[in-house]
1. Condition (residue is crowded, with 19+ Cβ neighbours inside 10 Å, under 20 Å from LEU171 (Cβ atoms) and aromatic (Phe, Trp, Tyr)) applied to region 71-87: is it met by at least one residue?
2. Taking interchain pairs and intrachain pairs at least six residues apart, which have beta carbon atoms under 6 angstrom, with the first residue in region 95-111 and within 16 Å of ligand 1 (Cβ to nearest atom) and the second in a helix (DSSP H, G or I) and open to solvent by 30 Å² or more (accessible area, probe 1.4 Å)?
3. Output the residues belonging to region 150-172 that are touching a residue at least 40 places away in the same chain (Cβ under 8 Å) and open to solvent by 70 Å² or more (accessible area, probe 1.4 Å).
4. Would it be correct to say that ARG197 is open to solvent by 30 Å² or more (accessible area, probe 1.4 Å), closer than 25 Å to THR26 by Cα, in a helix (DSSP H, G or I) and of a type in the set (D, E, K, R)?
5. Filter region 145-190 down to the residues that are within 16 Å of ligand 2 (Cβ to nearest atom) and either modelled with pLDDT of 90 or more or within 16 Å of the chain's Cα centre (by Cα) (or both) and list them by number.
6. Return the total of residues in region 173-193 being in a helix (DSSP H, G or I), surrounded by 14 or more Cβ atoms within 10 Å (Cβ to Cβ) and small (Gly, Ala, Ser).
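The values are calculated or read from the model by the stated rules, or taken from the named source; none is laboratory data. What you see is a predicted model; the values in this text were computed from it and never measured. Virtual Cβ from ideal backbone geometry, glycine too; neighbours counted across all protein chains shown. Just so you know, the surface numbers come from the protein's heavy atoms only, side chains and all, with ligands and any DNA or RNA stripped out. Shrake-Rupley method; radii C 1.70, N 1.55, O 1.52, S 1.80 Å.
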Amino acid sequence: MAGKFIVVEGLEGAGKSSVISLIVETLQARGLSVTQTREPGGTPMAEAIRECVKHDWDEEVAEETELMLMYAARVQLLKNRILPALASGEWVVGDRHDLSSQAYQGGGRGLNADTLRALADIALDGFTPDLTLYLDVEPATGLARARGRGELDRIEQAGLVFFERTRDRYLALAADDPTITTIDAMQPMAAVHAQVRHCVEQFLP
Ligand SMILES: Nc1ncnc2c1ncn2[C@@H]1O[C@H](COP(=O)(O)OP(=O)(O)O)[C@@H](O)[C@H]1O
Ligand SMILES: [Mg+2]
């Protein structure tokens with residue numbers, strides 16, 4: 001029997017990492033074998049692309065370049081790890097997938113949504129996750145959590161506009177797609193985890 005692909009999405013500090021651990025434990029407790037992935041990355045070449053994307057280049061990096069690198073890494077991960085794992089019956093739990101590009105590059109950076117969808121069609125050939133949990137958090141809260149402190153500096157404040165646009169796009173895309181469940185990640189962690197566990201258990205065979 002083929003496995004399923006569950007993706008966890010959300011802004012920095014939304015709580016993806018801890019939710020992923022919970023999902024992996026929940027699946028393993030049911031005797032399922034589980035593979036974890038993160039994007040961009042997850043194969044030798046995709047990890048090299050991740051380094052390339054994060055590198056502080058001594059030149060302007062075009063938004064289109066960033067976008068295509070993200071998709072290049074995603075194709076490597078899909079073909080060399082996700083699809084083989086699913087075919088062999090493993091469940092795959094992903095830290096981000098295509099929805100991140102739709103939200104960050106589409107909403108945050110303002111790239112044309114139709115162009116993005118066309119690129120996704122080429123790269124993914126119709127492949128979509130079976131279930132996506134979108135952890136919704138206000139950007140200021142998420143960034144403060146991620147930084148491990150309470151206040152944002154001037155640069156982070158300026159960056160909030162970008163994250164607000166990204167969050168708005170996440171919410172709009174989630175509202176339109178029945179395979180995406182939005183979870184209020186502003187709640188205490190115990191409440192978030194209870195909702196995640198419930199959602200995953202409903203989804204299990
Ligand atoms: N619901 C929550 N309430 C308070 N703190 C949280 C919550 N979820 C996560 N955290 C904390 O916020 C920080 C970032 O969480 P993390 O899981 O690394 O987020 P992400 O992987 O989405 O960036 C961690 O220190 C984590 O313990
Ligand atoms: Mg994380």
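1. The answer is no, given that none of the residues of region 71-87 is crowded, with 19+ Cβ neighbours inside 10 Å, under 20 Å from LEU171 (Cβ atoms) and aromatic (Phe, Trp, Tyr).
2. The qualifying pairs are ALA103/ARG169; GLY108/PHE162; GLY108/ARG165.
3. ARG165, ASP168, ARG169
4. Numbers: open to solvent by 30 Å² or more (accessible area, probe 1.4 Å): yes; closer than 25 Å to THR26 by Cα: yes; in a helix (DSSP H, G or I): yes; of a type in the set (D, E, K, R): yes.
Judged against the criteria, ARG197 is a match.
5. From region 145-190, those within 16 Å of ligand 2 (Cβ to nearest atom) are 145-148, 163, 166, 170, 183, 185, 189; that's our starting set.
Scanning region 145-190 gives ARG145, ALA146, PHE163, THR166, TYR170, ILE183, ALA185, MET189.
6. Within region 173-193, the first condition is being in a helix (DSSP H, G or I), and the residues that meet it are 173-175, 189-193.
Right, trim to surrounded by 14 or more Cβ atoms within 10 Å (Cβ to Cβ) and you get 173-174, 192-193.
This time we only want the ones that are small (Gly, Ala, Ser), so: 174.
Adding up the residues that qualify gives 1.
Here's the yes/no breakdown for (1) away from ligand 1 (no atom under 16 Å from the Cβ); (2) assigned to a helix (DSSP H, G or I); (3) open to solvent by 20 Å² or more (accessible area, probe 1.4 Å):
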{"site": "LEU11", "(1), (2), (3)": "no, no, no"}
{"site": "ILE20", "(1), (2), (3)": "no, yes, no"}
{"site": "GLN36", "(1), (2), (3)": "no, no, yes"}
{"site": "PRO40", "(1), (2), (3)": "no, no, yes"}
{"site": "ALA48", "(1), (2), (3)": "yes, yes, yes"}
{"site": "TRP57", "(1), (2), (3)": "yes, no, yes"}
